[in-house]
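Novice: Next up is a structure, given as C-alpha cells.
The values are calculated or read from the model by the stated rules, or taken from the named source; none is laboratory data. Being a predicted model, the structure only gives us computed values, none of them experimental. Backbone-built Cβ (ideal geometry, glycine too); neighbour counts: all protein chains shown.
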Ligand code: NAD
C-alpha cells in the first residue's frame, strides 16, 4: 500500500434527516446564542420565514434577515451584510440556501468570530469545507482556514424539495467533481477514497431519478447524502486542474458555478485519464452504463440528467479561451498529469463548444 496521512476536516456537528430543521433552536442554544442573523438569497425568502417561525416558537428572536447573498461571495455584499450584523448586535449566523449563502455565512463568521449554522439546500458541499472563495475586482481569491468551518450543519431533505431538477443536476455534478478530484488528490487516503466513491455512486444513481420524478423524497435524500460525502472530500483533499479551471472561469468571467463544473468535468477527466488508470477503473465500476469506460459513464450521466454541455451557452466568448488558458497555466498547483498548454486549451475548447467527452486528450 502507498503511505498516507489521515486528517479529519469537517464541520463539528452534522445533523441529517427529514424534519431536522426543528432542531435549530436547540443548536443555537447549545452555542450560547440567542440572536441570530438569518441569511439567504433573494429567492430564499420563504425559507428564512420558516426559520423565523421555528425560532420564535422556541422564544428565539432573529435580529433580522439579509437576503442578498449572490454567487462567488463578492466583498461588496459581505461588507453590507457585516454592517447589518454589527448594527443589530447579532450573536450568531444562520445561513440557508446553496453555496452562495453558505459562502456569505463563512465570510461573516471569519470576520466576526460568531458561530455559523448552515442549512444547505443544494449539493454544492461548501458547508463541509474550510475553504472560502471571495471575489473582488473580477478576481476570486480563495483561502483555507479551519475557522471558516460552520459550527453545525443541518441537512433536511424537506427544504430541498423545491430545488428545480435542472439545478439538482448541475449542483449534483458539482459535488461529483469534488469527489472525482479527491480520488487522484496528492493527499488522498483510503478513507477519503471510500467516501468519494460512495458519494459519486449515490449521486450518479439519484440525479437521473430526480429528473424522472422530482417529487420522490427518498431520491432527493440520497442525493443530499451523496452531496455531504462529496463535500467532506472537497474539504479534506487538495483540488487540481478541474477546480482551478472552474474557479478561474467563475471568478474572472462570472460564469455560473455549478453549470461550469458540470460542463468542464468530463473533459478534465479525459485529460487526466492517462495518469490515473486505477482511479478510472474504480470510477467505471460505479458509474451506471459505463461499460468499463469512466468517460462514457460520465457522459451517460450527463445525458440522462439533462446536463448543460457548452460554456458558450452561458455567455463565454471564444476569445476568452486563450485568456483563461494563460491564467490557468500561470498558477502552480498539483495535477496528476503535467499541465501542457495545448492540452488545457483543448479541454477548454471542447467545453466551450459543447462536444461530448472522449478519451483522446
Ligand atoms: P447557489 O447557492 O447560487 O444556488 C443556485 C440557485 O438555487 C440560487 O438561485 C438559489 O436561490 C436557488 N436555490 C437554492 N436552494 C434552493 C431550494 N431549496 N429551492 C429552490 N431554489 C433554491 O449555487 P450553488 O451551486 O449551491 O453554490 C455556488 C456557490 O458556492 C459559488 O459561489 C461557489 O464558489 C460556492 N462554493 C464554495 C465551495 C467551498 O468549499 N468554498 C464549494 C462549493 C461551492
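Novice: Regarding the range 240-249, can at least one residue be identified that is modelled with pLDDT under 95 and touching a strand residue (DSSP E or B) at 6+ places or on another chain (Cβ under 7 Å)?
Specialist: Scanning the range 240-249, I find at least one residue that is modelled with pLDDT under 95 and touching a strand residue (DSSP E or B) at 6+ places or on another chain (Cβ under 7 Å), so the answer is yes.
Novice: Continuing with the same structure: Could you count how many residues in the range 1-22 are in a helix (DSSP H, G or I) and more than 16 Å from residue 127 (Cβ to Cβ)? Spell out the reasoning first.
Specialist: Applying the first criterion (in a helix (DSSP H, G or I)) to the range 1-22 yields 20-22.
Okay, now just the ones that are also more than 16 Å from residue 127 (Cβ to Cβ), so 22.
Adding up the residues that qualify gives 1.
Every residue, every condition in (1) in contact with a helix residue (DSSP H, G or I) (Cβ under 6 Å, 6 or more places away or on another chain); (2) modelled with pLDDT of 95 or more, yes or no:
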site: 277; (1), (2): no, yes
site: 298; (1), (2): yes, yes
site: 304; (1), (2): yes, yes
site: 360; (1), (2): no, no
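Novice: Next up: Filter the range 133-154 down to residues that are part of a strand (DSSP E or B) and out of contact with any strand residue (DSSP E or B) (no Cβ under 8 Å at 6 or more places or on another chain), then give me how many there are.
Specialist: Quick first cut of the range 133-154, residues part of a strand (DSSP E or B) only: 133-136, 139-144, 152-154.
Still in the list and also out of contact with any strand residue (DSSP E or B) (no Cβ under 8 Å at 6 or more places or on another chain): 139.
Here the count works out to 1.
Novice: Still on this structure: For the range 321-347, which residues satisfy the criterion of being in contact with a helix residue (DSSP H, G or I) (Cβ under 6 Å, 6 or more places away or on another chain) and either under 20 Å from residue 138 (Cα atoms) or surrounded by fewer than 13 Cβ atoms within 10 Å (Cβ to Cβ) (or both)?
Specialist: Within the range 321-347, 321, 324, 325, 327, 328, 329, 341 meet the criteria.
Novice: Please go through (1) under 18 Å from residue 294 (Cβ atoms); (2) in a helix (DSSP H, G or I); (3) within 15 Å of the ligand (Cβ to nearest atom) for residue 205 and return the number of the only condition it doesn't satisfy.
Specialist: (3)
Novice: Can you find, within the range 155-171, the residue that is surrounded by the fewest Cβ atoms within 10 Å (Cβ to Cβ) among those that are within 6 Å of the ligand (Cβ to nearest atom) and not in a helix (DSSP H, G or I)? Steps first, please.
Specialist: Step one: of the range 155-171, the residues within 6 Å of the ligand (Cβ to nearest atom) are 159-160, 162-163, 167, 171.
Keeping just the survivors that are not in a helix (DSSP H, G or I) gives 162-163.
Values: 162: 13, 163: 20.
Checked the range 155-171; the qualifying residue surrounded by the fewest Cβ atoms within 10 Å (Cβ to Cβ) is 162.
Novice: Before we move on, is residue 133 crowded, with 19+ Cβ neighbours inside 10 Å, within 8 Å of the ligand (Cβ to nearest atom) and within 24 Å of residue 166 (Cα to Cα)?
Specialist: On the way: crowded, with 19+ Cβ neighbours inside 10 Å: yes; within 8 Å of the ligand (Cβ to nearest atom): yes; within 24 Å of residue 166 (Cα to Cα): no.
Here the answer is no, as residue 133 does not meet what is asked.
Novice: Kindly provide the set of residues from the range 33-45 that are touching a strand residue (DSSP E or B) at 6+ places or on another chain (Cβ under 9 Å) and farther than 17 Å from residue 118 by Cβ, ordered by number. Quick ask: steps written out before the conclusion?
Specialist: Residues of the range 33-45 that are touching a strand residue (DSSP E or B) at 6+ places or on another chain (Cβ under 9 Å), as a first pass: 33-41, 43-45.
Listed by number, the residues that qualify are 34, 35, 43, 45.
Novice: Which one is farthest from the ligand (Cβ to nearest atom) among residues in the range 62-105 that are part of a loop (DSSP other than H, G, I, E, B), over 13 Å from residue 42 (Cα atoms) and without any contact (Cβ under 8 Å) to a residue 40 or more places away in the chain? Spell out the reasoning first.
Specialist: Our first condition is that a residue be part of a loop (DSSP other than H, G, I, E, B); within the range 62-105, this holds for 62-63, 67-73, 88-91, 98.
Those still in the list that are over 13 Å from residue 42 (Cα atoms) too: 62-63, 72-73, 88-91.
Going one step further and asking which of them are without any contact (Cβ under 8 Å) to a residue 40 or more places away in the chain, we end up with 62-63.
On the way: 62: 19, 63: 22 Å.
This residue is 63.
Novice: Of the residues 251, 226, only one is within 11 Å of the ligand (Cβ to nearest atom), in contact (Cβ under 8 Å) with a residue 40 or more places away in the chain and part of a helix (DSSP H, G or I); which? Outline the logic, then answer.
Specialist: On the way: 226 fails: within 11 Å of the ligand (Cβ to nearest atom).
Every option except 251 fails the conditions.
Novice: Taking only the range 26-44 into account, find how many residues are in contact with a helix residue (DSSP H, G or I) (Cβ under 8 Å, 6 or more places away or on another chain), at pLDDT 95 or above and in a helix (DSSP H, G or I). Step through it out loud before you land on a result.
Specialist: From the range 26-44, those in contact with a helix residue (DSSP H, G or I) (Cβ under 8 Å, 6 or more places away or on another chain) are 28, 34, 36-41, 44; that's our starting set.
In the following step, the residues that additionally are at pLDDT 95 or above were identified as 28, 34, 36-41.
Next cut, in a helix (DSSP H, G or I) only: 28.
Adding up the residues that qualify gives 1.
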